[in-house]
Each structure stands twice: as structure tokens, then as C-alpha cells.
Amino acid sequence: MDTTWQTLQNWIAGQNGWEWLAMALAIAYLWLIIKERIEAWYCAFLSTAIYTAIFWQVSLLMESLLNIYYMAMAIYGWWQWRHGGQDEQGVAVHTWPWQRHLAWLLLIAAVTTISGWWLSNNTEAARPYVDSFTTWAAVFTTYLVAQKVLANWLYWIVINSVSVWLYLDRDLYPTSILFIWYIGMSVVGYYRWRSVLAQQNQYKTPMEAA
């Protein structure tokens, strides 16, 4: 029993321990985002700082760079939720027209192709095209979260599904479990934010609704 406990302690103290901590902070982040709590961005900053180092160690270079971006977006998201919006009281849940989404999707496809080709020819990055897709799609979608665009949850369902496969391929099992959970919570987040949007529209004046 003592040997088993010592083995567990040693395992937690290694990289897997850091991965589990990052995972716990990421879970807290997503739950607080669904609840529209600004504390989510503190959890995001700490979690992504840890993941930056972890992904670099396993040669997911784009994922590592992505998490540096996430750290910056944690600061941006905090600012938008605290001081953004027309009245500077924080942004509200809203939608984008489909034409704007289409333009961004085409841009994601283009930069994914370019960066995937560059990584495959100039680095030893693992799964360069898949890594590039999850990176650039997440860059865009994180911006949507900071702006409280409802469709962000639909984008995350796709991104997280692809990420599960990518992390399993790299033997990052705790993170794979996390992203499976993310898929389910993205569905929950979509329906909760849609409900919030419906309530906002209900209390708008006729001029605001126009």
C-alpha cells in the first residue's frame, strides 16, 4: 500500500500532475464562462500558462503557441466582460450574420493550409495540418467567447471533437478526457447563452430590437 501511494505521489509530482492541474483550472474556466462569471478569465490565464509548457514538451508547437495567445486573450476577455460594450458595463450575448461567419471560415481554411504546409516542411511538428486547424479555429473562436457571440459554442463542438483525436494521438490522456467533457459542456453553454439572449431580447425596447 505504501509503495502504491508513493508511486501515485511521484506521478502527480511529474508532468502528469501539472497536466491534471491545468485540466482542473480549464474545467473551472469553462463552467464559469457558461455562467458568465468574470472569474473564468483568471482560471484561463493560469491553465493556459501550464499548457504552453506541456504542449511544447510533446512537440505540438502550434498548440503551445496557441496557449500563449490564450493567455493574452484571458486578459482581453476579462477587460471586455468588465468594461466592454456600448455602455462600458461589459459585453452582452449577441449573434453575428452568417456572411461574417462565412468570411472567417474561409480565412481559417486558408491559414490552416499555409501553416500546415510550412510546419510539415520546416519542423518536426506532429500532425501539422490537424494541429494547425485546431489552432487557428480556436484563435478565432476564443475571440468570439470574449465578445460573447452565441455561435462560439457551435465552433467549440467541432474544434474539441478534433482535439480529442489529436491528444489521444500524443498520449495526453487526461487532456483527451477534458476535451470530451468540453464537447458536452459546449452543448450546455450554447443552450444557456441562447436562453440569456432570448431574455435580453424580451426586455429590449422597440428601438433596440429594431
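The values are calculated or read from the model by the stated rules, or taken from the named source; none is laboratory data. Predicted model, so just to flag it, every value in this text is computed and none were measured. Every residue, glycine as well, gets a Cβ built from its backbone with ideal geometry; the counts of neighbours run over all protein chains shown. Areas reflect the complete protein model, heavy atoms only, side chains present, ligands, DNA and RNA absent. Shrake-Rupley method; radii C 1.70, N 1.55, O 1.52, S 1.80 Å.
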> Looking at the range 1-44, which of the residues that are at pLDDT 75 or above and among the charged types (D, E, K, R) is least open to solvent (accessible area, probe 1.4 Å)?
Replying inline: Glu19
>> I want to confirm something. Restricting to the range 55-66 and keeping residues that are touching a Ser or Thr at 6+ places or on another chain (Cβ under 8 Å) and open to solvent by less than 10 Å² (accessible area, probe 1.4 Å), which single residue is farthest from Gly116 (Cα to Cα)?
In response: Phe55
> Taking into account only those residues within the range 169-190 that are of a type outside the set (Val, Ile, Thr), modelled with pLDDT of 90 or more and over 11 Å from the mean Cα position of the chain (by Cα), which is surrounded by the fewest Cβ atoms within 10 Å (Cβ to Cβ)?
Replying inline: Gly184
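Residues checked against (1) of a type in the set (S, T, N, Q); (2) surrounded by 17 or more Cβ atoms within 10 Å (Cβ to Cβ); (3) at pLDDT below 95:
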position: Pro128; (1), (2), (3): no, yes, yes
position: Thr134; (1), (2), (3): yes, yes, yes
position: Ala138; (1), (2), (3): no, yes, yes
position: Thr142; (1), (2), (3): yes, yes, yes
position: Val149; (1), (2), (3): no, yes, no
position: Asn152; (1), (2), (3): yes, yes, no
position: Trp156; (1), (2), (3): no, yes, no
position: Leu166; (1), (2), (3): no, yes, yes
> Could you count how many residues in the range 59-96 are in contact with a helix residue (DSSP H, G or I) (Cβ under 9 Å, 6 or more places away or on another chain), part of a loop (DSSP other than H, G, I, E, B) and under 19 Å from Leu172 (Cα atoms)?
Replying inline: 1
